[in-house]
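Structure record follows, encoded as structure tokens.
Read-outs: derived from the displayed coordinates by stated rules, not from any lab. Nothing here was measured: the structure is a model prediction, and the numbers come from that model. Counting neighbours? That spans all protein chains shown, and the Cβs are built from the backbone with ideal geometry, glycine included.
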Amino acid sequence: MIIVVGSINLDLIANVDRLPEPGETVRGSSFATAPGGKGANQALAAARAGAQVRMVGAVGKDSFAPEALALLKAGNVDLSGVGQSFASTGTALILVGADGENVIAVVPGANDSVVPGDVTKAYLKKGDVVLLQHEIPLPTVEATLDAARAAGAISMLNTAPFRAEAAGFLGKADYAVANETEFDLYGEALALSGRDRPARMRAYAQKTGSAIVVTLGGDGVLAATPHDFLAIPALKITPVDTVGAGDTFCGYFGAGLSSGLSLEQALTRAAAAGSLACLKPGAQPAIPLSKDVDAALAGMR
């Protein structure tokens, strides 16, 4: 079972020719809404990868909530751990440029009401894989990491968005997943030694005894464990929209670990899924199905 403790949002997405500079107004070409939130995205990705998934989080008692949960329901994600808050449903305001790059402002809303006591809704047990991110209160993230270790579950923490105060507990996660910018910032916060990123990744793995995975966009993925170092290529694509690619990677990575794949196999499958998620607009609507990932991997051989 995959248990995701994390955020649930409704994304408000505007497409623009180019991303604006500070203080600048640019004209948009289209607008859409789509279910999002890093937690919900990862839950749906794990479900589309073929895993059984339970979601723990919160939405508001507003008109955004049903749409925010719609694709999770359609994907048969167990939503019994999703509560209702008097705060608004979390919202992400997203601008997507013609080159596929994006800028995002997140309003947490109900996600800030996910408290450490909600970890009991996860019903953690040995062999479960727990996915976490930084869009809910950090005390809840740390409490879930502690609960996962106590239960014998595997924990995976996506370190986005960067929050310096999380540096002290990253090592509690069996797998920390960061993009290159986040890892470099956490490397500074943790005073990791090494002349380059791979060396600092090895230093992190030795210091914590846990694995670190760094996503590099079109350049693939690097992973360091206390005993190994892996480099996994990405699919060669022309991106349409990179929103949700990292979450797709995390959901597929967690599902791969849950199904018994080796670390290299799980990373390879997750990297392919993350690449495919860049070929369609939106976060959850762009998450590929397992059969699509199988076909893409077969084409790489």
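Overview of values
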| item | result |
| --- | --- |
| The stretch 19-147 - Rg over Rh from alpha carbon coordinates, Kirkwood radius | 1.01 |
| Evaluated at q = 0.15 Å⁻¹: base-10 log I(q)/I(0), Debye formula over Cα of the stretch 114-210 | -0.57 |
| Stretchable slack from V107 to D17, in nm (0.36 nm times residue separation minus alpha-carbon distance) | 30.0 nm |
| Computed Kirkwood radius, in angstrom, where 1/r is averaged over Cα pairs of the stretch 4-89 | 14.0 |
| Two-site label geometry, A164 and E180: point separation in nm, points 7 Å out along Cα→Cβ | 2.4 |
| Percent antiparallel among DSSP beta bridges (both partners in the stretch 59-218, rounded to 5) | 30 |
| Cβ-based charge dipole, the chain, positive-most Cα from G50, I104, Q133 | G50 |
| Dimensions in Å of the chain - Rg and Dmax from alpha carbons | 17.9, 52 |
| Contour excess over end-to-end distance, with Cα ends at S30 and K280 and 0.36 nm allotted per residue | 88.6 nm |
| DSSP beta bridges in the chain [antiparallel fraction, %, rounded to 5] | 40 |
| The stretch 158-301 - convex hull of the alpha-carbon atoms, volume per residue in Å³ | 108 |
| Relative packing of 132-138, 222-228, 242-248, which averages over residues the other C-beta atoms within 10 Å, highest first | 242-248, 132-138, 222-228 |
| Calculated on alpha-carbon atoms, Rg and Dmax of the stretch 1-41 in Å | 14.7, 46 |
| Alpha-carbon centroids, the stretch 127-188 and the stretch 236-252: separation in whole Å | 20 |
